[in-house]
Amino acid sequence: MFILCGCVFTTQAQNVFSIEEVIHRAQSQSPAFKQTETRRENSYWRYRFYRTNYNPQIRMNSGGGQLYSNSITPIRQPDGSIIYLPVNQINPGVNFSLQQPIQWTNGTISVNSSYNYFKDLISQTKQWNGAPMYVRLDQPLLAYNPYKWDKLIQPIRYEESKRDYAEGMEQISRDAVNYFFSVMDAQVNLQIAKFNLANNDTIYKIEQGRYNIGTTSEDKLLQVELQLLRSRQDVGQANLALQTASLDLRKNIGLRNGESFDLVLPEQIPVFKVAEDEALQYAKETRSAYVAFERRRMEAESAVAQVRGSLYQVGVTAAFGLNSVGGTLNDLYQNTSKQQVANVVFSVPVVDWGRRRAQMQTAYATKRLNDYVIAQDEVNFEQEIITQVRQFEMLYGQLEITKKSDEVALKRYNVAQNRYLIGKIDITNLNIALTEKDNAKRGYITALRLFWTAYYDLRRLTLYDFAERKYLYNPNVPD
């Protein structure tokens, strides 16, 4: 008797996974999840690092003298001549400073203390020198201000990274669907191969009986025997394909090698309508690419400002405070005198043969090119959403057709095999019905795969779950 082909997979497995369970495991245990989590953590700490640029810092650094020196050194005399003398001395120093960047002007203001000690080990003379307190201002003029541009760009970049994380999780879901259906395809193919092997074995025995009583030809018997041999080969290939697909699934959802599993065909699909305008609106609210357009525009403007700020180098340095010298450290706080410093540094090209103009024009051209690329990317962004929505709507109808075709092909095969048993059709027509049944089953599984892949693609492209009517990432909700 013949074996009927159904949709239940009966392997001895410890775990039975639905597509939702496979996705959940992928989003919590897979290598892709760990990479996505690490990228989010890196983005968070980069943002924290940027924020510290605007905070005051207390720094300590060594002075400019040599800690220890024992050598013959040229010593300039008051009359300008040089005498080479042995020198054996120590000259350590330390500076303390409280620095505060001035984000509006790209300057730095600091409160400082510096201490230097000198001792000649030959003459045993010693002296302290230092500035117990002085205030210093370093202010570049006409220069590029990184604080201004970072304050515009870095928050957008951080928001972009949070959206990237949400998209990455949806990409993990989409990849998990592919791994799931790769195993499901292999399971279906193995089921079909086993079904065909059992039926071909039965047909071979029937044809053998008919050949023995002279009601069929040797040619038909050999045809059936060849088909039986091919069926055995198909079972072996299907088993190997199932093992390979199962290993890929284990690796990508974090299953242990010894942990067996079975899959449930996801025939219950969500039903909902998606409007193109609605999908575009959600995508613009949530996608990282949309905020990246603004970030890229600002980066292009920042690059122009950086070139403009490098054409001239002008800076002002000013310091005011107290300093003193003495034989001990305490003497530095006695009889202090004013310390006043002011300086202007500049480097301005006088004749550069058009160098500055070429730099600026290159920067402007690069910005225009960037604007054109962003404009095209915005068009592609919207087109991708619209195409995905239209494809998703088409897949609903395709899924219904393939499901009905699977049912009809199975029914037709059952009729054909009954007619073959009573001798109404030959083996060729039965094989045609068998092929149509197998193709219809594979077509239905393919349609399911396309639907679930498109469903998670739509979620990834809009970061919105239309089935549950909820955001997958909401920028208006704080972390």
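What follows draws every value from the coordinates through simple rules; no lab data is involved. Source: prediction; values computed, not measured. No Cβ is skipped: glycine too gets one built from the backbone with ideal geometry, and neighbour counts run over all protein chains shown.
Could you give the length gained on full extension between Val271 and Gln233, defined as 0.36 nm per residue of separation minus the Cα-Cα distance, in nm?
Working: separation 38, 0.36 × 38 = 13.68 nm, distance 4.06 nm.
Extra length available between Val271 and Gln233 comes to 9.6 nm.
In terms of the Cα gyration tensor, with a ≥ b ≥ c the square roots of its eigenvalues, is the stretch 270-330 rounded because a/c is under 1.5, prolate because a/b exceeds b/c, or oblate? List each step's numbers first, then the result.
Details: a/c = 8.13, a/b = 2.76, b/c = 2.95.
Oblate is the answer for the stretch 270-330, as a/c is 1.5 or above yet b/c matches or exceeds a/b.
What FRET efficiency do you get for Lys205 and Ile401 if R0 is 30 Å and r is their Cβ-Cβ distance, rounded to the nearest 0.05? Spell out each step's value before the answer.
Numbers: r = 37 Å, r/R0 = 1.23.
The value I calculate is 0.20.
Assuming 0.36 nm per residue, please report the length gained on full extension of the stretch Asn70 to His24 beyond their Cα-Cα distance.
Net length gain for the segment: 9.6 nm.
Can you classify the stretch 220-286 as rounded, prolate or oblate using the Cα gyration tensor, where a ≥ b ≥ c are the square roots of its eigenvalues, rounded means a/c under 1.5, and otherwise it's prolate if a/b beats b/c and oblate if not? Could the numbers behind the result be given before it?
Numbers: a/c = 3.85, a/b = 1.90, b/c = 2.03.
Cα axes put the stretch 220-286 in the oblate bin.
Once you charge only the Cβ atoms, +1 for Lys and Arg and -1 for Asp and Glu, what is the size of the charge dipole of the chain about its Cα centre, to the nearest 20 debye? If you can, show how the numbers build up before the last one.
Numbers: 55 positive and 50 negative charges, 216 e Å.
So the dipole magnitude of the chain works out to roughly 1040 debye.
Could you name the lysines whose alpha carbon sits less than 22 Å from that of Lys424, not counting residues in the same chain fewer than 8 places away?
Lys205, Lys220, Lys411, Lys437
Could I have the simple spin-label model distance between Glu294 and Asn55, label points 7 Å from Cα toward Cβ, reported in nm to one decimal?
The answer from the label model is 2.6 nm.
Among Ala292, Leu395, Ala305, whose Cα sits farthest toward the positive end of the charge dipole of the stretch 267-398 (+1 at Cβ of Lys/Arg, -1 at Cβ of Asp/Glu, about the Cα centre)?
Positive-end residue among those listed: Ala305.
Roughly how many whole Å is it from the C-alpha centroid of the stretch 150-206 to that of the stretch 387-427?
Taking the Cα centre of each part, the stretch 150-206 and the stretch 387-427 sit 24 Å apart.
How high is the relative contact order of the chain, given as a whole-number percent (alpha carbon pairs under 8 Å, six or more residues apart)? Let's see the in-between values first.
Values: 699 pairs, mean separation 94.1, N = 479.
This gives 20 percent for the chain.
When a/c is below 1.5 the answer is rounded, else prolate if a/b is larger than b/c, else oblate, so apply that to the chain with a ≥ b ≥ c taken from the square roots of the Cα gyration tensor eigenvalues.
Values: a/c = 3.93, a/b = 2.86, b/c = 1.37.
It is prolate, given that a/c is not under 1.5 and a/b is the larger ratio.
Quick check on the chain: helices-only [θ] at 222 nm, where DSSP H runs of length 4 and up contribute -39,500 (n - 2.57) each and the sum goes over total residues. Nearest 500, please. Before the final figure, lay out each step's value.
On the way: 8 runs with 273 residues, N = 479.
Helices in the chain give a 222 nm mean residue ellipticity of -21000 deg cm²/dmol.
If the cut-off is a Cα-Cα distance under 15 Å, which aspartates and glutamates reach Lys441, setting aside same-chain residues fewer than 8 apart in sequence?
Leaving aside aspartates and glutamates fewer than 8 places away in the same chain, those within reach of Lys441 are Asp185, Glu267, Glu400, Asp406, Glu407.
Which of Tyr444, Ala467, Gln237 sits closest to the plus end of the dipole of the chain, meaning its Cα is farthest towards the positive end, when Lys and Arg get +1 and Asp and Glu get -1 on the C-beta?
Ala467
Scan around Thr73 for amide H atoms under 5 Å from its own, H built in the peptide plane at 1.01 Å from N, and keep only partners 5 or more places away or cross-chain.
Distant-sequence amide H within range of Thr73: Leu85, Val87.
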